[in-house]
1. Looking at the range 227-238, is at least one residue in a helix (DSSP H, G or I), at pLDDT below 95 and among the β-branched types (Val, Ile, Thr)?
2. Looking at (1) closer than 24 Å to Ala47 by Cβ; (2) touching a Pro at 6+ places or on another chain (Cβ under 6 Å), find the lone condition where Asp273 falls short.
3. For the range 88-102, which residues satisfy the criterion of being more than 21 Å from Gln17 (Cα to Cα) and assigned to a helix (DSSP H, G or I)?
4. List pairs: first in the range 258-286 and at pLDDT 95 or above and part of a helix (DSSP H, G or I), second basic (Lys, Arg) and open to solvent by less than 30 Å² (accessible area, probe 1.4 Å), Cβ under 7 Å, 6+ apart or cross-chain?
5. Does Gly61 count as assigned to a loop (DSSP other than H, G, I, E, B) and surrounded by 24 or more Cβ atoms within 10 Å (Cβ to Cβ)?
6. In the range 200-212, how many are aliphatic (A, V, I, L, M) and surrounded by 16 or more Cβ atoms within 10 Å (Cβ to Cβ)?
7. Show the residue pairs that are 6+ apart or on different chains and have beta-carbon atoms under 6 Å apart, the first residue being within the range 10-27 and open to solvent by less than 20 Å² (accessible area, probe 1.4 Å) and outside any loop (DSSP other than H, G, I, E, B), the second being aromatic (Phe, Trp, Tyr) and modelled with pLDDT of 95 or more.
8. Identify, from the list Leu85, Leu108, Leu103, the residue that is open to solvent by 10 Å² or more (accessible area, probe 1.4 Å) and closer than 23 Å to His37 by Cβ.
Amino acid sequence: MIGELVRVPAGAIHVRQDGPVDGKPIVLLHGFEGSVHWWDGLVPLLADTYRVIRVDLLGFGCTTGEPGFDQRSQSEMLTAVLQQLDVTDATAVGHSWGADSALGLAELSGRVSEVVVVDQAPDCDELRILQAMRPVLRLLALAPIGQSVHALLNNSWVLRRALATGFASGFDPDATGTGWSQLRSDHRAMSWRAYRAVLVERPRALAARPLDVQIHALGLPALVIHGRYDSLYGWRNTIDRYAAAGARIEVIETAGHAPNVETPDQVAAVLRDFLADPSRSRSAAS
C-alpha cells in the first residue's frame, strides 16, 4: 500500500494523494485488472500543479469489498471518498472500465467539473474479446470456474500475453514505472468476482446506457483520449461517437489501450491543455 485507507460505508478504500492540497483536484480511476499503480508514470507529471488523487476501486488493489462492482456502487463509494476528503471542482479521469466510474461520480456527486475518458468505447459492441469468447466469459460468472481461472492466470504466461494486448506492439512495461511484476500483482489482488461484473454484466448496462449518452446528459466539459493502436476498441468509431456527444478528442498516435502507462508525458500534456480551457471546442482528429 502506498497511500491511506479512507473509511466509507462501502469499506476501507485505498487512496493515494500527491501534489499541493490547494491545487485543482484530479481523480484518477484505473481500469479492469488495474490499480492506482497504472498512473505511476503520469502522477509526477501533474503533481507539481494539481492535487492528484488516485483510488483503488472496490475489489481491486488494496481496497476491500466484494459485492457492488457496478457503476452505481463504485460511484457511491467514490462520492463518499470525495466527501471525506472535502474535494470539489474535481476532474474525474477514468481509464477503460474506470471511465464508467468517472462518469457515474460526476453524475452522482456534484463534485466533478470535468470528465476525461481514456481508451474506452461508449459501449462494448466492438470489444473483440467479447465477440470471440462470449460463451467462455459467461462461464466465468460461475464461482468454481471464475475462481479457478483467476488462480490459473495468476501463475501463467497466459496472463502476460493477455495483458500485452492492452499495449501497442513492442511496448515493454518494464521500461516504465509500471512493470510486469506490478501488473501481475494487480491481477492477483483483483477479486475473481470482477470477471462477471466487468465482462458479463457491464456490456448489458452499457448497451442500455452508453457512455457517449452519459457524457451528453452530463453537459460537463469532456475530453476523450484514445490510443490509435488500441487493439480492444477501434479508435475511429469511438471518437466519432464521443465527438457527436460534444467531447473534445485527442488521439495518441503511438499508444495502445493504455496511454496512461505507455505515453504518460503525452497524456499529461493533453490534460494540462484541456484544463487550461475546458470550455474550448473539441479538437479535430484525423
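1. The answer is yes; a qualifying residue exists.
2. Of everything listed in (1) closer than 24 Å to Ala47 by Cβ; (2) touching a Pro at 6+ places or on another chain (Cβ under 6 Å), Asp273 misses just condition (2).
3. Asp100
4. Phe274/Arg248
5. Values: assigned to a loop (DSSP other than H, G, I, E, B): yes; surrounded by 24 or more Cβ atoms within 10 Å (Cβ to Cβ): yes.
Yes.
6. Matching residues across the range 200-212 total 4.
7. Matching pairs, first to second residue: Ile26/Tyr50.
8. Leu85
The values are calculated or read from the model by the stated rules, or taken from the named source; none is laboratory data. The model shown is predicted, which means the values in this text are computed figures rather than measured ones. Here the Cβ is made from the backbone with ideal geometry for all residues, glycine too, and neighbour counts use every protein chain on show. For the accessible areas, the whole protein counts, side chains as well, though only heavy atoms, and no ligand, DNA or RNA atoms are used. Shrake-Rupley method; radii C 1.70, N 1.55, O 1.52, S 1.80 Å.
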